[in-house]
Amino acid sequence: MIKSAELVLFPAPAIGHIVSMVELAKLLLERHPHISITLLLLKLPYYSSVDSYTNSLSHSLVTPRIRLVHLPPQSVQPPRSLTFFTGFLELHKPLVRDVVAELSRSDSTQLAALVVDMFCSAVNDVADEFGVPLYVFFTSGAVCADILLHMRRLHDEEGVDFLGELSDLGGELKLARPLLNLNGHAGNADGSHEYEDIMGWLEGQPPSSVVFLCFGSMGSFDEDQDREIARGLELSNQRKEPMVDANDTNDLVSAEEIRRAVESLMEQENEVRRKVKRMSEACRKAVGDGGSSYSSLGRLIDDIFKNFP
């Protein structure tokens with residue numbers, strides 16, 4: 001009987017990180033019949049926005065080759081500093097170690113790798129302890145990863161001090177196009193094209209004129225911060241069209257609100273929409289058979305099985 005290669009996937013407890021890791025798990029299972037996966041799920045205290053999604057996974061992932069492990073929540077104080085998450089992970093590291101230890105003793109599978117979210121490096125030494133390869137799952141775009149690696153090279157090889165003055169670095173910062181959610185930009189059930197509309201409005205603004213401030217899937221600006229941002233815009237003497245969600249519950253602006261606002265600012269059909277469609281088609285080719293992303297995933301699987309008995 002051929003043993004399956006057991007991969008332990010450990011995402012950060014934020015919706016964008018969990019969804020991305022789940023999709024990676026699905027792709028790995030589709031590509032190789034002898035891979036099985038244990039997905040470790042943390043519950044971040046004081047943030048319940050991801051609970052409904054993580055609870056639904058037991059119904060949506062109906063395959064015996066993937067196992068969900070909800071790590072028991074540990075008692076922590078409310079977050080008051082940027083070091084909260086590091087301490088939170090340290091509390092859960094023994095639980096991660098226990099799961100990995102159990103898998104290392106399995107007769108039906110063999111522990112092959114630990115795939116850790118880029119924000120969960122506190123558990124990296126668990127992989128060292130059990131002698132299994134460690135892979136870091138970077139949930140931002142490839143260009144962002146390349147920038148970070150380049151900055152590290154500048155720091156290590158050229159002695160650039162990024163904590164000091166940045167004005168002497170020179171050169172331009174060029175922003176890449178966003179990566180596309182291939183399942184979400186084909187249009188909504190009501191016939192709207194939300195993503196293309198937003199991109200169209202952005203393309204229609206003067207160069208370097210849009211400032212977008214957010215915290216990803218968690219966090220928000222309080223009222224005092226909103227006032228300071230508005231004051232900064234006033235002092236800049238630049239064209240201003242501020243858009244702020246000002247309700248007291250800190251909810252996100254709904255997709256419907258965005259759609260209505262954008263549709264009032266642009267036409268329903270133009271070259272920008274056609275350009276976005278071409279970008280979407282190019283991304284579909286990248287993840288299809290023979291595409292760049294498809295090939296990269298194949299290289300990852302080959303690397304995992306390289307030392308697998």
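Table: residues versus (1) outside the structural domain of residue 133 (by TED's automatic domain parsing); (2) at pLDDT 85 or above; (3) surrounded by 18 or more Cβ atoms within 10 Å (Cβ to Cβ).
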| residue | (1), (2), (3) |
| --- | --- |
| 28 | no, yes, yes |
| 63 | no, yes, no |
| 86 | no, no, no |
| 96 | no, yes, yes |
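Being in contact with a Pro (Cβ under 9 Å, 6 or more places away or on another chain), of a type in the set (A, V, I, L, M) and touching a residue at least 60 places away in the same chain (Cβ under 8 Å) is the filter here; which residues of region 94-114 pass it?
112, 113, 114
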For this session: May I ask you to list pairs of residues, at least six apart or on different chains, whose Cβ atoms are under 8 Å apart, with the first in region 265-286 being modelled with pLDDT under 75 and the second being surrounded by fewer than 13 Cβ atoms within 10 Å (Cβ to Cβ)?
Result: 265/204; 266/204; 272/204
For this session: Scan 132, 69, 76 and give me the residue that is more than 20 Å from residue 307 (Cβ to Cβ), assigned to a loop (DSSP other than H, G, I, E, B) and aliphatic (A, V, I, L, M).
Result: 76
Exercise. Of the residues 119, 162, 88, which single one is in a helix (DSSP H, G or I) and either touching a residue at least 40 places away in the same chain (Cβ under 8 Å) or over 20 Å from residue 11 (Cα atoms) (or both)?
Worked result: 88
Exercise. Has region 65-80 got at least one residue that is touching a helix residue (DSSP H, G or I) at 6+ places or on another chain (Cβ under 7 Å) and within 19 Å of residue 3 (Cα to Cα)?
Worked result: yes
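The values are calculated or read from the model by the stated rules, or taken from the named source; none is laboratory data. If you're wondering where the values come from, they're calculated on a predicted model, not measured in any experiment. No Cβ is skipped: glycine too gets one built from the backbone with ideal geometry, and neighbour counts run over all protein chains shown.
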